Structures are given as structure tokens and as C-alpha cells.
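Remarks on the structure that follows.
Derivation of every value follows stated rules applied to the coordinates shown; laboratory data play no part. Keep in mind that what you see is a predicted model, and the values were worked out from it rather than measured. Heads up, the Cβs are rebuilt from the backbone with ideal geometry, glycines too, and the neighbour counts pull from every protein chain shown.
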Amino acid sequence: MAINLELVGKKSDPEPFKYDQYRVILYALGIGAEVDQELDFVYEKNLKVFPTFAVIPMTPGMGALMGNLNLNWTAVLHGEQKIVLHKPIPPAGTLMLQGGVESVYDKGDNGAVVNISGQARDESGDLVYETAIVLMDRAGGNFGGDRGPKTEKIAPPEGQTPDFKVDYKTSDDQAALYRLSGDKNPLHVDPDFAAMGGFKKPILHGLCTYGHTGRAILHSICESDPARFKSLAARFTGVVFPGDTLTIEGWKAGEGRYVIQTKTQDGRMVLGNALAEVA
Amino acid sequence: MGLNLDLLGKKSDPVPYECNEDKLILYALGIGAGVEKELDFLYEKNLKVFPTFAVIPYFPAVGILMVNSGINMFATLHGEQHIKWFAPTPTRGTLLNTAVWTKVYDKGDSGAMLHMQVDTTDDKGNLIFQNNMVAVDRSAGNFGGDRGPKTAKLMPPEGKAPDFSVNYTTGPNQAALYRLSGDYNPLHIEPEFAAMGGFDRPILHGLCTLGYTGRAILHSVCGSDPARMKALSCRFTGVVFPGDTLTIEGWQLEPGKYTFQTKTQDGRVVLGNALAEVA
């Protein structure tokens, strides 16, 4: 079945996403926040919200839009994720969410690239954050479409030590906890399912690695103040297993701009081509 | 304000609790279950329920009754917990919790000892489990009431090696995670609040220690089959801090009956005077 190109340019209707402080705390624990060092992120009194929480809210309309794309879901990879924060995410409340299909590009034998956008507004109608997701449908290429632009390569400056470096050890149960925030794909908990995907055991959610990365950025260059975190764009480049240690490094690349990469303990880059903007 | 003794013996309106797989999994993680060995308790496919989950749906009902009883919450200690199981816990649906203040004893200068019982049924009225809780309000003694019976002492047989012994190390985040199951007392997360209570730092929930203890019993003498756990009662005898290692030991008294105790790494008994009945 071919990708439904008629959805390009279409948006889901704005729909509410209601959440409470415990949902925010559950997410914080899911991305490894520690009560000893990060109490404000795991306790409802004066609760701060990790900016990467932006990837959690979904609505039925957004889900339907994605479902109607007719992607070959067993061949789909989450390629890239970007979030742009316009104001801090409230610790509880209702966000009005809208999603849209921006473009579908034909990468030939490499598949199809699907660009999906999202916007979240607060109860007063102010834009809180925007998201951009790149999905790679490895079985969806060669449909006669536009190849699309080449993405810009973002790499750390060669031979330069990073301006910050943080190690976070994920736990063996990290994926089991993270999935309670909403992504129930059995790939992250079921050994048999993971084996069907060619993995020796269940893998961590890419967005959980993304959350750990955002945490490191927030604490290293935003003094743990979510209001100073402006954006994070990153490409997923490798698999992480629960229990792995993540090393997040950042290099300053201009005022308020940092090139980011995240590696596992064996030196493999698992998140890269990444840029963070902070105030 | 004194105790509101008029409430004695009066059944509360049923307090509903909505059960679902996510709540059961969150509880399992809260009592330290791990995916490597206990996947069935952490994954919604073929989900098994830890029997001690019984203390979660019961909690709001007993909380309301405690407030209405007129006790001074700041002077009140959770003394004992007794649980009986009658039918398997459903993984989804409404549980109805009816609370009654059954007894109060006047322990003079030691305070008032309150016994409260909560029956939990499914929405068809079938009894699933029953909790009996004993709390002591240290400020409410000398009200001219009956002193009550002495409780039976239940000790491990002297000089006899336990029939099972299990070590579980709790995580530094254990209380932060456990509290998401519904007991949001700041004593378990806020350093300043814990200091007011005379503790160096926030303490683990007694019912979390009970959960670890129940897990050890389930895996050691019930073949990990929740249906085989019939009754469990214990006294809370000491404080546990997140990060402590718990050692749970059990001694068979007769077929299907075990006495057990839980110690921290420094040898203090934190849960004792305990009896488990298994099938």
C-alpha cells in the first residue's frame, strides 16, 4: 500500500491534551531525573517541566493523521526530532494541539521521508512549543516524488574538547518506566517482539535518549531553567539498550548555539547532527 | 480537637478506584520489580498483579476515614497492616472501597490505637481483598477508653536459619516513584518536611517496604503465582531510606504459614511480627 500523499499540507483539528503534575513527574523519572539532584522536576511543589516533555502530548486527531498516511509501520524509523519552545510548558493544565503533514520526499531505495509538524497552545491561545518529526519509511520510496533538500550536516568541531560533558547511566528498567508516558510499542519491553526486529533485547525509546540529552543540556548550559531552553534538533543514529550509559557532549557554535552528540559507553554515536539553542 | 468517636462502626460510602494496566505496572516498578526477572508484572501482555497492590485502591478510602476520625495526622504512626485476598485483582475496571473504623484502644500516654478496615469489591460486589490498618495517634491517648488486648508476639524461631532469604536494593528514586501510586505525603520526598519529622532525609513509604516484602514472599514460596497468596500481616518497626538494601527472610511455621521479617543493611528490623498464609 502506498503512502497517502493527499495528506500533505493537511492538519488535524486542534484538540485538547489534559495532564496533571504526576504525568510530568512520571516523564521526568522516565528520562532518568534523580530526586537528590533534580527535586524540582520530580516533586509537585514548585514543579519545573523538562522542555523535552513537548514530545509526549498527542491527540486522537494527530494519531489518526499519522495512521491515515498508510506508512509501512514495521519499516518506519524515527529519524529526527526537533522541539522549539516559545514559553515554559505549564506543570499541569490543558494544551491545544494540532499536527500536520508537511512533506513526503522520495529517497528512492532508501525509502520515503515524512515530515510531520505539531503546535501546542496554552489555554490563553499562546504558542507554547512547536515540534517537527522526521519519519523514515524504508519501504515507501520510489513513488515518483521529489527527492527533497539535502539536510545540513552538523558535526562537532574536529579535535576540540566539548564545552560540557555529562554521563547518565540508564537503568535496566528505563524503557519499562518511560513507556508509561505513552509510547507502548512492545519493541521496548517484549524480548520476542524485539527479536523479530533483529534486536538481541528490547531497546530504549529514541525519545528517551532525547530526553536524557535535553536534561544534560538544561543542567549544563541553562542553569536548570526551562525558560532558557529554546530548541533542540537531533537525528537518531544508533540503538540504545536499557542499562547503557549515555555520554552527552556539547560544543559552543555561536552565541546560544551548541552542537550536541550523545554516545553510549562503547563510543557509538546514538544521537547526533544535533543543535541546541539556549538563551 | 478530640477523636470523633461517633464514627466508630459506621461504614463509609464506597470510594471508587479506577484500575488499569498502567497503574499496576507503575506500582510494580514502585516496589522495585525489574524487567529481566519479572516481566509478567511489568508488561500489559499477560499482566500479573502483585498481591500487595491491594494497599493502593484502599488508600484513598482509609485516608478519608482517618481525616474524619479527628486524629492528629502529624502525631500518627502507621503501626500495622493486615491484608487478606479472596479473588484475583482485575487488571482493569472499577474497585469499590468501603471503610469502617472498627476499634479504638486507649494506650494512655502512648496514645490512641485505631483499627480501620477497608473491604474492596469489584463493581459487581464481589469481595477481592480486605485491608486492616492499625495506626497510633501518639497525642490522643487518655480519653478514658478500653486499653485493649496485648497483641501476640510473633518471632522467628530462635537460632533457626530462614527457609528463604531475599535481598533487594531500593533505588535513590524509590520513594519518588512509589508515591506516584497515590501516597503523596511530602515526608517521602521533601527534605525540609522530613526534617520537621526528625528525619535526616525523606523516608521510604512503609507500604513500599511492605510491597518489597510481599514480592519476596510471592517469588520465594508462591512460585510467583499471585493467586497463591492468601493473607499477610505485619508491624512496621523501623524507618527505611531510599537506597537502603532490604533483606526479607521467612521461616515456615507449618504448611502454608510463614513468619517473616525485613531488615535493612545495618541489621535493623523494619518490618516484623509478621505472618503470611499461602496456598
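For region A:193-258, which GluC sites (Glu not before Pro) are both in a DSSP coil and crowded by at most 12 other Cβ atoms within 10 Å?
On the way: sites: A:Glu223, A:Glu249, A:Glu255; in loops: A:Glu223, A:Glu255.
The qualifying sites are A:Glu223, A:Glu255.
Over its Cα atoms, what ratio of radius of gyration to 2.2 N^0.38 Å does the protein assembly as shown give?
Details: Rg = 26.4 Å, N = 558, 2.2 N^0.38 = 24.3 Å.
It is 1.08.
Say the dipole of region A:5-137 comes from +1 at the beta carbon of Lys and Arg and -1 at that of Asp and Glu; which of A:Leu135, A:Trp73, A:Leu7 then lies farthest toward its positive end?
A:Leu7
With a 10 Å Cβ neighbour count serving as the proxy for reagent exposure, in which order, fewest first, do A:Cys208, B:Cys222 appear? Could you put the intermediate results ahead of the total?
Details: A:Cys208 28, B:Cys222 18.
Fewest-to-most ranking of A:Cys208, B:Cys222: B:Cys222, A:Cys208.
Extending each Cα 7 Å along its Cβ direction at B:Leu275 and A:Asn68, get the distance between those two points in nm, one decimal.
Here the modelled spin labels are 6.4 nm apart.
Return the average number of partner chain Cβ atoms within 10 angstrom of each residue Cβ along peptide A:38-45.
Mean partner shielding for this stretch: 4.
If packing is taken as the mean number of other Cβ atoms within 10 Å per residue, what is the order of B:161-173, B:27-39, highest first? Intermediate results must be reported in sequence, preceding the final value.
Numbers: B:161-173: 16.0, B:27-39: 21.3.
Those peptides, ordered most packed to least, come out B:27-39, B:161-173.
Quick check for you: which residues of region B:63-85 have the amide N under 11 Å from the point 7 Å beyond the Cα of B:Asp13 toward its beta carbon?
none
Among B:Thr247, B:Thr151, what is the fewest-to-most ranking by other Cβ atoms within 10 Å?
Sorted ascending by nearby Cβ count, the order is B:Thr151, B:Thr247.
Suppose the chain between A:Ala227 and A:Asp109 were pulled fully straight at 0.36 nm per residue; how much longer would it get relative to their current alpha carbon spacing?
On the way: separation 118, 0.36 × 118 = 42.48 nm, distance 4.21 nm.
Result for the pair: 38.3 nm of gain on full extension.
Can you put B:Met73, A:Met58, B:Met133 in order of Cβ neighbours within 10 angstrom, beginning with the fewest? Before the final figure, lay out the partial values.
Values: B:Met73 11, A:Met58 16, B:Met133 24.
Taking fewest neighbouring Cβ atoms as first place, the list is B:Met73, A:Met58, B:Met133.
Across the residues of A:171-178, average count of Cβ atoms on other protein chains within 10 Å?
Mean inter-chain Cβ contacts per residue within 10 Å come to 5.
Could you pull out every residue, at least 5 positions away or on a different chain, whose amide H is within less than 5 Å of the one on A:Val240? Hs are placed 1.01 Å off N in the peptide plane, and Pro or chain starts have none.
A:Leu204
Given a Förster distance of 22 angstrom, what is the FRET efficiency for B:Ile64 paired with A:Lys18, based on the Cβ-Cβ distance and rounded to 0.05?
Calculated value: 0.35.
For region A:123-206, what does the convex hull of the Cα positions come to per residue, in cubic angstrom?
Numbers: hull volume 22.3 nm³, N = 84.
Considering the Cα atoms of region A:123-206, their hull volume per residue is 265 Å³.
What's the magnitude of the charge dipole for the protein assembly as shown around its Cα centre, counting Lys and Arg as +1 and Asp and Glu as -1 at the beta-carbon? Answer in Debye, nearest 20.
Dipole magnitude for the protein assembly as shown comes out near 600 debye.
When the helices in chain A are scored as -39500 (n - 2.57) per DSSP H run of 4 or longer and the sum is shared across all residues, what 222 nm value do you end up with, to the nearest 500 deg cm²/dmol?
-5000 deg cm²/dmol
Across peptide B:172-181, what mean number of C-beta atoms from other chains lies inside 10 Å of a residue's C-beta?
Details: counts 4, 11, 1, 1, 12, 7, 0, 5, 7, 1.
Across the residues of B:172-181, the mean count of other-chain Cβ atoms within 10 Å is 5.
Using only alpha carbon pairs under 8 Å that are at least six residues apart, calculate the relative contact order of region B:11-127 and give it in whole percent. Show your work: numbers first, answer last.
Details: 149 pairs, mean separation 38.9, N = 117.
Relative contact order here is 33 percent.
What would the Debye equation give as log₁₀ I(q)/I(0) for region B:164-278 at q = 0.15, 0.20, 0.22 Å⁻¹, counting only Cα atoms as equal point scatterers?
-0.65, -1.04, -1.19
Applying the Karplus parametrisation 6.51 cos²θ - 1.76 cosθ + 1.60 with θ = phi - 60° to the phi angles of region B:122-138, what ³J(HN,Hα) value in whole Hz is obtained for each residue in order, glycine and proline being reported as x?
Karplus values, whole Hz, x for Gly and Pro: 7, 6, 9, x, 6, 5, 9, 8, 9, 10, 10, 10, 10, 10, 10, 8, 5.
If the viscosity is 0.692 mPa s and the temperature 37 °C, what Stokes-Einstein diffusion coefficient in µm²/s follows for region A:5-137 when Rh is the Kirkwood radius over Cα pairs?
The calculation lands on 206 µm²/s.
Which ³J(HN,Hα) values, rounded to whole Hz and listed in residue order, are derived for region B:108-120 from phi using the Karplus coefficients 6.51, -1.76 and 1.60 in 6.51 cos²θ - 1.76 cosθ + 1.60 with θ = phi - 60°, glycine and proline given as x?
x, 5, 7, x, 10, 9, 10, 10, 10, 10, 10, 9, 10
If the viscosity is 1.002 mPa s and the temperature 20 °C, what Stokes-Einstein diffusion coefficient in µm²/s follows for region A:12-74 when Rh is the Kirkwood radius over Cα pairs?
The calculation lands on 157 µm²/s.
Compute the Rg/Rh shape ratio of region A:164-278: radius of gyration over Kirkwood radius, all on alpha-carbon atoms.
Computed over Cα atoms, the ratio is 1.00.
Calculate the all-directions average of the projected area of chain A's alpha-carbon convex hull, and give it in nm². Can you show the working numbers first?
On the way: hull surface 58.9 nm².
Seen from a random direction, the Cα hull of chain A projects 14.7 nm² on average.
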